[in-house]
Amino acid sequence: MTEINETYKEKTSFNKRLVFLFVTFGILGAVFYYQIFNLQISNYSEYEIAAKNNKNEEISVQPLRGIIFDRNGEILVNNIPTFDLITKPFFIDDPDDFLLRLSSFLEIDEEDKRVFLSQFEKAKALNKELTLKQSISDEDKAKFLVRSHMFENAYVGKRYLRNYLYPKIFSHSIGYVGKPNEDELDEIYELKSLNKKINFTYTNQLIIGKTGLEYTYEDILTGEFGNNLREVDARGRTLGEKISSAPIIGNNLYTSLDLKSHQAAHKALNNRKGAVVAIDIKDGSIVTLFSSPTFPTNQLANGILQKDFDELLLSEEKPFFNRALKGRYPPASAIKPAIAMYGIEEGLIDWNFSIFDEGFFTLPEDGRIYRDWKEGGHGNTNLFKAITQSSNTYFFDLAYRSDINQLNKHLLSLGFGDKACIDCFEEDKAFVPEPSWKMNKHNFGWFKGDTVNMGVGQGYLVSTPVQLAKYAYIMANKGKFSDLSLKKDLVKSEKSIEFNKFSNDDWFKLHESMINVIEGNTGTARRLREKKNYIVAAKTGTAELVSGDNREQYSETRLDDNLRDHALIIAFGPMPNPRYAVSVVVENGESGGSVAGPVAISVLNSLIQE
């Protein structure tokens, strides 16, 4: 009986435990299935989207820019790989301590530290990477890599530099790239539909053309951004990354620029302030566009210290100023062939028309004296001699008899007072004066003396070196021309100046008179004769900055180097079938024949003897 009772008690106890277990597992199962239902059915879309957002993000990938070539296929600009020390501010709690630990084994410039700290908070808030040190050496790279386990918030990454192979020769023509400003940045994000997060290919991150051809042909050079899909954990740490669409490298740019002629111009000018422009007569392409002094494009494109930039910006030499396209200079005696063309076209002179040049011209209205550069004058002078020996008196007389409005139109037809180039960066139109302008500007009427000054390229008339080169090109090609350009094989239409009286015979005589400037025994540039083995037509000029009433005052002015006359020359050759036209301006160089002339011949030698 006792055994039966104990068996009953054990069975009852077992049943209770079994019921308890069934109830417990039932409750747990119910909770579990409720959560499964809640996750998979009730809130499926919400959790699915959240999970995807937490795990993946789209990253724009920066493309490489295209390569820039000269007309012979020589590389002028390319991209070169480098290694940078890149940080992840999102994972750095104390930037000062971070820099202190890195500086214990790496040499980091104070300027790099300053820039890093100034950009740190913004980069941290946006979870963006931040470059601390650019182009680190192999030694520094090795030092960091052996300690990389201590710096999970930084890494050495491969980036590229925009590399200018001839940074002090093409600084003005090719220009340079740089970081976009805020307005430019907003425009880039909008036009290219970029994500806020970008995988940067360049050390300097987002870059755009700032000046020169880099700016003009930005759309060609820049390429197309790609996209990557990056997988990250809940803390934003990268778990993996795969290519969604690869970036497309920018198109290459083939220019009409000639490397050797630029090297010749750079050497001949020897850092003096001035400019050289040379044109290929067969198609109007610019082969030389050189301004001096120059500036270091690689530093500007890839990172320059503020103090170094300020030094360039405040320099009295004004290296950023593109004298070839923006320099305004009186054309001086280089304008005389144009005045001669006008005189013949208007029937005011012919090649036999002569005056007796006694060294000055007297304005009939008020008796004012306009002096020739040669004391005592040139004696009996016809047009041929007036061009060869550069008689001011002859052209004073011709200009006095000219109609200023018709003369203005003639000079405009030769390219003065307008842009000469269709793809040059920020070219200045310079200026051809007219009576209405003077009245509006100075509240004075136009005097005959103003026209007399224009006859020798002085007074209000100013031109740029690229305009002077185009003018020489038009004369070399007997009135036919195309708009100037820097991109190779650009399709352009040919234009021509229509003359009624100026004939082919006049073109021949004009060329002969300009040939005599160098080849003749009395030419103003006869010293250049032995510097080449071909025939060149030319016209020199000396542009006065300050005029004096007499030679004594003029001599006193010359004591100040910055007030000395500019030296000019225009030239084309080899004759009789010229291929290249060139202009040279040397600021404060005084003599066109002896200072600007050798520069022009050096450039022509490099082009003709290629």
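Here are a few things to note about the model shown:
- Residue within segment 162-179 that is without any contact (Cβ under 8 Å) to a residue 24 or more places away in the chain and part of a loop (DSSP other than H, G, I, E, B) present: no
- Residue satisfying all of: in segment 209-226; out of contact with any helix residue (DSSP H, G or I) (no Cβ under 6 Å at 6 or more places or on another chain) and either free of Cβ contacts under 8 Å to residues at least 24 places away in the same chain or in a strand (DSSP E or B) (or both); nearest to residue 181 (Cα to Cα) among these: 218
- Among the residues of segment 380-401, those identified as outside any helix (DSSP H, G or I) and either buried (at least 24 other Cβ atoms within 10 Å of the Cβ) or under 40 Å from the mean Cα position of the chain (by Cα) (or both) are 389, 390, 391.
- Scanning segment 286-301 for residues that are over 21 Å from residue 208 (Cβ atoms), touching a Lys or Arg at 6+ places or on another chain (Cβ under 7 Å) and open to solvent by less than 10 Å² (accessible area, probe 1.4 Å) gives 287, 291, 292.
- Residues that are closer than 22 Å to residue 471 by Cα, assigned to a loop (DSSP other than H, G, I, E, B) and polar (S, T, N, Q) within segment 243-294 comprise just one, 256.
- Out of 462, 491, 466, 432, sole residue that is open to solvent by 10 Å² or more (accessible area, probe 1.4 Å), closer than 18 Å to residue 277 by Cβ, assigned by TED's automatic domain parsing to the domain that holds residue 388 and of a type in the set (Val, Ile, Thr): 462
- Residue check for residue 498: assigned to a loop (DSSP other than H, G, I, E, B), in the same structural domain as residue 576 (by TED's automatic domain parsing) and of a type in the set (Asp, Glu): yes
- In this structure, residue 83 does not qualify as at pLDDT 85 or above and either open to solvent by less than 40 Å² (accessible area, probe 1.4 Å) or in contact with a Phe, Trp or Tyr (Cβ under 8 Å, 6 or more places away or on another chain) (or both).
- Residue in segment 527-568 that is modelled with the lowest pLDDT, counting only those that are in a helix (DSSP H, G or I) and open to solvent by less than 50 Å² (accessible area, probe 1.4 Å): 557
- Residue 519 being in the same structural domain as residue 352 (by TED's automatic domain parsing), within 21 Å of residue 572 (Cβ to Cβ), in contact with a Ser or Thr (Cβ under 7 Å, 6 or more places away or on another chain) and without any contact (Cβ under 8 Å) to a residue 40 or more places away in the chain: no
- From 206, 257, residue being surrounded by 16 or more Cβ atoms within 10 Å (Cβ to Cβ), touching a Pro at 6+ places or on another chain (Cβ under 8 Å) and modelled with pLDDT of 90 or more: 206
- Which listed residue is of a type outside the set (Gly, Ala, Ser) and under 30 Å from residue 219 (Cα atoms), from 365, 427, 346, 358: 427
The values are calculated or read from the model by the stated rules, or taken from the named source; none is laboratory data. Please read these numbers as outputs of a predicted model, since none were measured by experiment. Every residue, glycine as well, gets a Cβ built from its backbone with ideal geometry; the counts of neighbours run over all protein chains shown. Ligands, DNA and RNA are stripped out before the accessible areas are found, and what is left, the full protein with its side chains, is counted by its heavy atoms. Shrake-Rupley method; radii C 1.70, N 1.55, O 1.52, S 1.80 Å.
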